[in-house]
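Working notes, beginning with the structure itself.
Values in this text are rule-based calculations from the coordinates and carry no lab data. The structure presented is a predicted model; accordingly, all values stated were derived computationally and were not measured. All Cβ positions, even for glycine, are placed from backbone atoms using ideal geometry, and neighbour counts span all protein chains on display.
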Amino acid sequence: MIFKKESLNKFILHIISDFFYVSLTTFLVFSVIELVEPRFVSAFINFNALLTLVVITGIITIMKKD
Amino acid sequence: MINLGKKEKIIRVVFILIPFLALGWLIQKNFVFSGVMEATYNFDKNNAFISILKPAGRALGVEKNNNGDYTQRVIIDPVYFDLYMPTKFKKAYFMFVFKNSGERGIKVGPQVFGSGWNYHLEDLNCDKKIGDWCVGEISFDLEKTYKKDKKVNFIISSPGLDVSGEEIELTQIKVILSK
């Protein structure tokens, strides 16, 4: 299995970018659910961990675009 | 060369599926289709279902003992904790792991109706021992309990605890809720 380094980097950045969009959407949807029905999400999922994922993948996505 | 574009599409589909699976899991957790939910509070970190004992001052802060167990000591009676229930349950089976330094009896119970100080108290006995710790088991009917924001308030009472200088130490509260 041979990958070109450049295409592999591009592949990883695309994955991180996809992960950012999905995690951001998830975070926003879960936040709305939490506002409507308090503790529906937060009793089982750590919002801080989810937000950390969004921020980290978001920073990488922005840096990639620059 | 391996087609990375195809792999990317597969990973993208997996990423999109994860939130939907998470939402399904959350619905299952909140509506408890199995009819039974279990929560254990070991005092080591905040628990989503069982709160810390309060008020502060009557119940001291959480401490870690020499065996690595986290405990909370009660020095003035009564203290309270909240039980969060994501959906309606009929019965609650509690298991308390505690130490009672005196012979003074301990009573535990849920707030039963209204916003007044009405609690249905049951004796917490030392049913069995695990090392130095007592294990006490109590069941409550939750249908007549007072619920606010999906929470039921419970009292732990041992009258005269402050005067006697004795204390109650808890290291685990486990609850099994059933519909």
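Count of region A:21-39 residues, restricted to those that are at the interface with chain B (Cβ under 10 Å from one of its Cβ atoms) and out of contact with any Lys or Arg (no Cβ under 9 Å at 6 or more places or on another chain), is 9. If a residue must be part of a loop (DSSP other than H, G, I, E, B) and among the charged types (D, E, K, R), how many such residues does region B:99-134 contain? Residues meeting the conditions: 4.
Check off (1) in a loop (DSSP other than H, G, I, E, B); (2) closer than 23 Å to A:N46 by Cβ; (3) more than 12 Å from chain A (Cβ to nearest Cβ) for B:T87 and give me the number that stays unchecked. It fails just one condition, (3).
Return a yes/no flag: does region A:2-17 have any residue that is on the phi > 0 side of the Ramachandran plot and within 8 Å of chain B (Cβ to nearest Cβ). Checked region A:2-17: no residue is on the phi > 0 side of the Ramachandran plot and within 8 Å of chain B (Cβ to nearest Cβ).
Among the residues of region B:41-49, is any of a type in the set (A, V, I, L, M), assigned to a loop (DSSP other than H, G, I, E, B) and closer than 23 Å to B:K150 by Cβ? The answer is yes, given that some residue of region B:41-49 is of a type in the set (A, V, I, L, M), assigned to a loop (DSSP other than H, G, I, E, B) and closer than 23 Å to B:K150 by Cβ. For region B:16-54, the set of residues classified as surrounded by fewer than 15 Cβ atoms within 10 Å (Cβ to Cβ) and within 16 Å of the chain's Cα centre (by Cα) consists of B:V36, B:E38, B:T40, B:D44, B:K45, B:N46, B:K54, listed by residue number.
No other residue among B:F15, B:F20 is within 27 Å of A:F20 (Cβ to Cβ), more than 7 Å from chain A (Cβ to nearest Cβ), in a helix (DSSP H, G or I) and out of contact with any Lys or Arg (no Cβ under 7 Å at 6 or more places or on another chain) apart from B:F20. So is B:G165 out of contact with any Pro (no Cβ under 7 Å at 6 or more places or on another chain), over 24 Å from B:L60 (Cβ atoms), exposed (fewer than 15 other Cβ atoms within 10 Å of the Cβ) and free of Cβ contacts under 8 Å to residues at least 40 places away in the same chain or not? No, not satisfied.
Do the conditions hold for B:S51, that is, is it more than 14 Å from chain A (Cβ to nearest Cβ), among the hydroxyl-bearing types (S, T, Y) and closer than 21 Å to B:S158 by Cβ? The answer is no for B:S51.
Being under 13 Å from B:L23 (Cα atoms) and either facing another protein chain (nearest Cβ under 10 Å) or not polar (S, T, N, Q) (or both) is a property that A:S42 has. Whether any residue in region A:38-56 is exposed (fewer than 13 other Cβ atoms within 10 Å of the Cβ) and not in a helix (DSSP H, G or I) is what I want to check. For region A:38-56, residues exposed (fewer than 13 other Cβ atoms within 10 Å of the Cβ) and not in a helix (DSSP H, G or I): present. Looking only at region A:6-17, decide whether some residue is over 20 Å from B:E8 (Cα atoms) and not in a loop (DSSP other than H, G, I, E, B). Within region A:6-17, not a single residue is over 20 Å from B:E8 (Cα atoms) and not in a loop (DSSP other than H, G, I, E, B). A:I56: more than 7 Å from chain B (Cβ to nearest Cβ) and either in contact (Cβ under 8 Å) with a residue 12 or more places away in the chain or over 9 Å from the mean Cα position of the chain (by Cα) (or both), yes or no? No. Could you check region B:101-146 and list, in sequence order, the residues that are in contact (Cβ under 8 Å) with a residue 40 or more places away in the chain, among the aliphatic types (A, V, I, L, M) and within 18 Å of B:Y80 (Cβ to Cβ)? B:I106, B:V108, B:I138, B:L142, listed by residue number.
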